[in-house]
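Notes for the one structure printed next.
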Amino acid sequence: MNKRKLLVGGALLGVVALAMLNSCRTIPKGVTAVQPFDVNRYLGKWYEVARFDYRFERNLNNVTAQYSLNPDGTIKVENRGYNFKEQEWKGTTGKAKFVEDESTGKLKVSFFGPFYSGYNVVEIDPEYRYALVAGKDLDYLWLLSRETTMPEAIKQRYLEKARSIGYDTSKLIWVEHPQ
């Protein structure tokens, strides 16, 4: 009986260790984040123009992210969107931290306690109006804008960059902002 408990305990510890190691990876292999990155210019409201579908944002349109500084130097992240199936607004608040130095757009974000995932600004225009954000792997991708739309030339440039990284951009959901 004690051997069985030890075996089960060891297996659970292994699963937790694997999850923690996987959560430490913050950027897809071979991808670099924007340098120099100015967090103060990045703060404020962003509209989601496109994203990959994943459970936390499923059925959401009118999606925005609001970034502000917390007193401890982390970044407050407030995501909000309208669930068009349930006919209600949904929101969540988390925090982001720089993975390296504050002049590199490589961050990790958490909405669930000690678990972080990659949030990497891999392309941004000089005026900080449009951004291409990669997750920790090729399952997460966002095109963001300070407005509800993005100029076609910038959109095409960002899509080409995403494809060059290895993203399948045909999977993008183009977010509507009717409200």
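The values are calculated or read from the model by the stated rules, or taken from the named source; none is laboratory data. Nothing here was measured: the structure is a model prediction, and the numbers come from that model. Quick reminder, even Gly has a Cβ in these numbers, built from the backbone with ideal geometry, and neighbours come from all protein chains shown.
Is it the case that some residue within segment 142-154 is buried (at least 18 other Cβ atoms within 10 Å of the Cβ), touching a residue at least 40 places away in the same chain (Cβ under 8 Å), more than 11 Å from the chain's Cα centre (by Cα) and closer than 22 Å to Gln179 by Cα?
Taking every residue of segment 142-154 in turn, at least one turns out to be buried (at least 18 other Cβ atoms within 10 Å of the Cβ), touching a residue at least 40 places away in the same chain (Cβ under 8 Å), more than 11 Å from the chain's Cα centre (by Cα) and closer than 22 Å to Gln179 by Cα.
I'd like to know if segment 46-57 contains one or more residues that are over 27 Å from Ser164 (Cα atoms) and crowded, with 21+ Cβ neighbours inside 10 Å.
no
Name the residues in segment 98-116 that are among the charged types (D, E, K, R) and surrounded by fewer than 17 Cβ atoms within 10 Å (Cβ to Cβ), would you?
Matches in segment 98-116: Glu100, Asp101, Glu102.
How do the strands (runs of 3 or more DSSP E) wholly within segment 103-179 filter down when requiring 3 or more residues that are among the hydrophobic types (A, V, I, L, M, F, W, C) and touching a Lys or Arg at 6+ places or on another chain (Cβ under 8 Å): which remain? Please lay out each step first, then the result.
On the way: elements: 106-112, 115-124, 130-134, 141-145, 172-174.
In segment 103-179, 141-145 are the strands (runs of 3 or more DSSP E) which contain 3 or more residues that are among the hydrophobic types (A, V, I, L, M, F, W, C) and touching a Lys or Arg at 6+ places or on another chain (Cβ under 8 Å).
Does Pro126 satisfy the condition of being at pLDDT 95 or above, farther than 24 Å from Asn59 by Cβ and out of contact with any Leu (no Cβ under 7 Å at 6 or more places or on another chain)? Step through it out loud before you land on a result.
Working: at pLDDT 95 or above: yes; farther than 24 Å from Asn59 by Cβ: yes; out of contact with any Leu (no Cβ under 7 Å at 6 or more places or on another chain): yes.
So Pro126 fits the description; yes.
Among the residues of segment 73-94, count how many are in contact (Cβ under 8 Å) with a residue 12 or more places away in the chain and acidic (Asp, Glu).
2
Across segment 1-56, what is the total count of residues that are modelled with pLDDT of 60 or more, hydroxyl-bearing (Ser, Thr, Tyr) and outside any loop (DSSP other than H, G, I, E, B)?
Here the count works out to 2.
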